[in-house]
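Here's the structure, in structure tokens; my notes come after.
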Amino acid sequence: MSVATLLDRLQRKADGRNIDTRAGILEGEGAQQRVKDPEPVRHGMDVLPTVPSRSGPDSEGAPSYYGMPVLKEPLWIWTVPAYFYVGGVAGAASVLGVSMEYLGGRRLERLAGRCHAVATAGDIVSAGLLIHDLGRPSRFLNMLRVFRPTSPMSVGSWVLAGSGAVNTAAFVLRRMPGVLGVMGRTAGMVGAVLGLPLAGYTAVLVSNTAVPLWQQVGRTLPLFFMASATASAGSLLSLFPHTDAEERVLRRFRVAGKVAEVFTREAVELEARQVVEVGKPLRTGVSGALWTLSRTCSLAGLVMDVLPGRARWKQVTADVLSTVGAVAARYAVIQAGRASARNPQATFQGQRQGLGAAQVEGNTKASDGKPLSFPLPVLGQPQAGMPYARFMVTQPEP
């Protein structure tokens, strides 16, 4: 074997995309994306042991691409759920900061400044986490070349960029006299307006995909993310030293968020359970364990917060538990989406229940113009007047 052939094989193995450099080269922005090792070659498929039309959705012979996933698994790395958490905290903190600045008076001025500081730091860290996932800063800037209201990713990119700019201006200028102070306070109000979508747009982003679980909980997941962001911001701010007046405000803020988090979490689970295979990742596997951890920690944090007594150790424990629950929830949602994409039955069952394109586009008519009736049959029996063919798999004669 020549040295050139050996180097070529080593390069293709390391790259993972099997590009023959003698036939072509791989360059451009997309060439910098990380890829996994190529999947092993499939030498053939086994014959189904049962008749698909007579099999249930959980049986071995249920219709699928021989058990292969219909969708590609999302490849987001750990920085994406971390960004979901940090961005949510920044958005909720900016809203609380402006509220305290205009409604709290001088007693809560220090709390308002701390909220602006947390919001500014959260926006900066969020941008760093997002850029780390994208690979290069230029890719984040490329997302700002156009503004597309119909794209959650485009809207979210502009919300994050705008929130970071105005929150930084508010943090720097709000205490200055004259025109600069007015500009800083105005920037803070704009940051609060942008903080509302920043706290929950990430849930809209994942719901606007073909992943069955994320698509299924598209109505309730944004509400859960916003409630969790409120609880997380209140818990994080409570960990800093604060006065009794500030504690009363923070307690109402975080308890309201924790209570809303409990109810919206239950709504997410109810919506996910409408289709058995779609909601399965929230009950089993790594994603199910993370979701259970999140529920347990969040509920424990709420219970400790409402129990009598104002000991500092009790409050710190409640805040830490709530924070762990919020972070675990983001990672659980991402892991559950990956498991949902790997499960072909989650896609098929959702489609038979009228989800997917039929749900989004209102496409409730078949190709012949007749209305569809959900749930669709797996492989329905032949109707009167319709041709029917029976296919049989036979073994070749020796």
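In table form, for the structure just shown:
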{"quantity": "Apportionment of accessible area to carbon and sulfur, the stretch 273-322, percent (1.4 Å)", "calculated": "73 percent"}
{"quantity": "Cα principal axis extents for the stretch 110-238, largest first, Å", "calculated": "53, 34, 25"}
{"quantity": "Cα gyration tensor, the stretch 187-331 - rounded (a/c under 1.5), prolate or oblate", "calculated": "oblate"}
{"quantity": "Proximal charge balance of residue 184 [Cβ under 14 Å; K/R count +1, D/E count -1]", "calculated": "+1"}
{"quantity": "Surface per residue (accessible, 1.4 Å probe) for the stretch 119-228, Å²", "calculated": "46 Å²"}
{"quantity": "Exposure ranking of 107, 312 by accessible area [1.4 Å probe, largest first]", "calculated": "107, 312"}
{"quantity": "Accessible-area composition of the stretch 111-211, carbon plus sulfur, in percent [1.4 Å probe]", "calculated": "75 percent"}
{"quantity": "Within-9-Å neighbourhood charge of residue 282 [Cβ basis; K, R +1; D, E -1]", "calculated": "+2"}
{"quantity": "Gyration tensor (alpha-carbon) shape descriptor, the stretch 116-161, a/c threshold 1.5", "calculated": "oblate"}
{"quantity": "Cut-off 13 Å between beta-carbons: net charge of the residues surrounding residue 341, Lys and Arg +1, Asp and Glu -1", "calculated": "+2"}
{"quantity": "For the stretch 89-140: rounded, prolate or oblate by the Cα gyration tensor [a/c cutoff 1.5]", "calculated": "prolate"}
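The values are calculated or read from the model by the stated rules, or taken from the named source; none is laboratory data. Because the structure is a prediction, the values reported are computed rather than measured. Every residue, glycine among them, receives a Cβ derived from its backbone with ideal geometry; neighbour counts consider all protein chains shown. Areas reflect the complete protein model, heavy atoms only, side chains present, ligands, DNA and RNA absent. Shrake-Rupley method; radii C 1.70, N 1.55, O 1.52, S 1.80 Å.
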